[in-house]
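The next block holds one structure in the form of C-alpha cells; read it before the comments.
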Amino acid sequence: MLTDRFGRSIEYLRLSVTDRCDLRCNYCLPKGFKGFEEPANWLTFDEIERVVAAFARLGTRRLRLTGGEPLLRRNLPELAARLSALPGLNDLSLTSNATQLARHAQALRAAGVSRVNVSLDSLRRDCVHDITGSDSLPRVMEGLMAAKDAGFSPIKINMVAMKDVNDADIGAMVAFCIEHGFVLRLIEAMPMGDTGRAANYLDLQPVLRQLQTEFKLVEQAATLGGGPARYWKTQDGGFSLGLITPISQHFCATCNRVRLSVDGTLYMCLGQEESFELRPLLRAGISDAELEAAIRGAIELKPERHEFSEKPQKLVRFMSMTGG
C-alpha cells in the first residue's frame, strides 16, 4: 500500500481529465477566465492508463474521474473502459455537473463507471443561473434522470451550501433526494483562489443539528464511497445525508487521496501547494519501476493538514486547476 509519512494509506486517486468546464460557478472559476492548460500538455489516454495502472499496483483501489467538467473530454467512455479493466481497481466513479450526462450515461455505465456525483446547488432555476452563469438546470435534471435510468448507484448530489445564497434551499433539496433515492452531500465552500474566498461561507454544524431534528437523522456507521463525507441517515434508511466540512470540522487525519491534474501534476492536498509533475517523466521514457518510485516519492510530500482556517489567503489556484 501507498502510505504517507503520517501513516495514512493512499487508496483513492481523483483524476482530472480536463480543466475545461461549460459552467462558471462563481466559487470555482472567475468570469472571463482563460488560463486553461494547453491541450498539448494534457495527459493522453495512454499516459493516463500508465499512471493509474501504477497507482493500482501500489494499492490504490478507488478512482474518480473529475474535471473541470469531465464529459467535455472527447471519448471519455473509451477511457473509462480502459481504466475499469485495470487489475486492482475495484471502484470507478465520476463527478459531473450533468449538463452532458444525458448523452453519455448509458455508455459510461457500460464502460464500468458505477457511481456518479452531480454538482447541483439549488432546485431554483434563477439561483442555479446566478451561481453557474448559465440557465443549466433543465439539462442537469435531464442528466440526473438519465443517470438514474442507466442504473448508477448511488447517485449523490453535491450541494455547496452558501449563506444567503442557497441555504434556504436545503430543505427542498432534501425532499428532492428522498423522492428520487439520491444521497445529498452538503459541502462547505473552500477558500481556494479569489473565487473561493468570495463565496458566502456557511458553517454546516448548525445546519446538521437542524436537519437531525427535522428528519430524525442518526449517524451512519458505513461509509458511502471513499471520500471525506460523514454520513447520517433517516431511521428507515431511505435517505442519507453527507457533510463535507473542511473548515468547521476538517478531516485531514483520515485523508486517503491525492489528485492528478489534466497536465500530469500530482497535488497532495487541496489546501496546500505541494505537487509533483509526472508528465515530463512520462514523456522522457520513464520505466514502470521508475514511475512507481516517483509516485512513492511524491506521496512523501503530502502535508499533515490544510490551513484553510489559519491562512485563507494562502492558496491562489482555482479549484478547476486541481480537479474536483
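The values are calculated or read from the model by the stated rules, or taken from the named source; none is laboratory data. Since the model is a prediction, treat every value here as computed from it, not as a measurement. Neighbour counts are summed over all protein chains in view; Cβ atoms, including those assigned to glycine, are modelled from backbone coordinates with ideal geometry. Quick note on the areas: whole protein, heavy atoms, side chains included, nothing else; ligands and nucleic acids left out. Shrake-Rupley method; radii C 1.70, N 1.55, O 1.52, S 1.80 Å.
Points to keep in mind about this one:
- Selected residue (criterion: most open to solvent (accessible area, probe 1.4 Å)) from residues of the range 194-219 that are at pLDDT below 90 and either out of contact with any Lys or Arg (no Cβ under 6 Å at 6 or more places or on another chain) or farther than 30 Å from residue 31 by Cα (or both): 194
For (1) more than 23 Å from residue 23 (Cα to Cα); (2) of a type in the set (Gly, Ala, Ser), each residue gets a yes or a no:
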position: 54; (1), (2): yes, yes
position: 82; (1), (2): yes, no
position: 98; (1), (2): no, yes
position: 115; (1), (2): no, no
position: 125; (1), (2): no, no
position: 133; (1), (2): no, yes
position: 140; (1), (2): no, no
position: 150; (1), (2): yes, yes
position: 153; (1), (2): yes, yes
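- Residue 159 open to solvent by 20 Å² or more (accessible area, probe 1.4 Å) and within 17 Å of the chain's Cα centre (by Cα): no
- The set of residues in the range 224-251 being at pLDDT below 85 and over 14 Å from residue 117 (Cβ atoms) consists of 246, 247, 248, 249, 250, 251.
- Residue in the range 155-176 that is assigned to a helix (DSSP H, G or I), more than 22 Å from residue 21 (Cβ to Cβ), touching a helix residue (DSSP H, G or I) at 6+ places or on another chain (Cβ under 6 Å) and modelled with pLDDT of 95 or more present: no
- Hey, residue 118 surrounded by 15 or more Cβ atoms within 10 Å (Cβ to Cβ), in contact (Cβ under 8 Å) with a residue 24 or more places away in the chain and part of a strand (DSSP E or B) or not: yes
- Number of positions in the range 7-19 that are touching a residue at least 60 places away in the same chain (Cβ under 8 Å), in a loop (DSSP other than H, G, I, E, B) and out of contact with any Pro (no Cβ under 9 Å at 6 or more places or on another chain): 4
- Considered as a group, the residues in the range 231-242 that are in contact with a Lys or Arg (Cβ under 6 Å, 6 or more places away or on another chain) and outside any loop (DSSP other than H, G, I, E, B) include one that is most open to solvent (accessible area, probe 1.4 Å), and that residue is 240.
- Residue check for residue 257: charged (D, E, K, R), farther than 24 Å from residue 43 by Cα and under 22 Å from the mean Cα position of the chain (by Cα): no
- Residue among 125, 82, 74 that is among the charged types (D, E, K, R), modelled with pLDDT of 95 or more and closer than 30 Å to residue 166 by Cα: 125
- Test: residue in the range 285-293 that is charged (D, E, K, R), in contact with a helix residue (DSSP H, G or I) (Cβ under 6 Å, 6 or more places away or on another chain) and either modelled with pLDDT of 90 or more or over 30 Å from residue 216 (Cβ atoms) (or both): yes
- Cβ-Cβ distances below 9 Å connect the following pairs, each with a first residue in the range 78-90 that is open to solvent by 50 Å² or more (accessible area, probe 1.4 Å), a second residue that is aromatic (Phe, Trp, Tyr), and a separation of six or more residues or different chains: 78/45; 82/45.
- Only residues that are in a loop (DSSP other than H, G, I, E, B) and either open to solvent by 40 Å² or more (accessible area, probe 1.4 Å) or touching a strand residue (DSSP E or B) at 6+ places or on another chain (Cβ under 6 Å) (or both) were counted in the range 37-57, giving 4.
- Qualifying residue in the range 262-269 (condition: among the β-branched types (Val, Ile, Thr) and under 18 Å from residue 60 (Cα atoms)): yes
- Among residues of the range 274-285 that are among the acidic types (Asp, Glu), those with a Cβ under 8 angstrom from a residue that is assigned to a loop (DSSP other than H, G, I, E, B) and open to solvent by 50 Å² or more (accessible area, probe 1.4 Å), sequence gap 6+ or separate chain, pair up as 274/301.
- Looking across the range 135-161, the residues that are within 14 Å of residue 176 (Cα to Cα) and charged (D, E, K, R) come down to 148, 156.
- Among (1) open to solvent by 10 Å² or more (accessible area, probe 1.4 Å); (2) assigned to a loop (DSSP other than H, G, I, E, B); (3) free of Cβ contacts under 8 Å to residues at least 60 places away in the same chain; (4) within 24 Å of residue 158 (Cα to Cα), the one test that residue 34 misses: (4)
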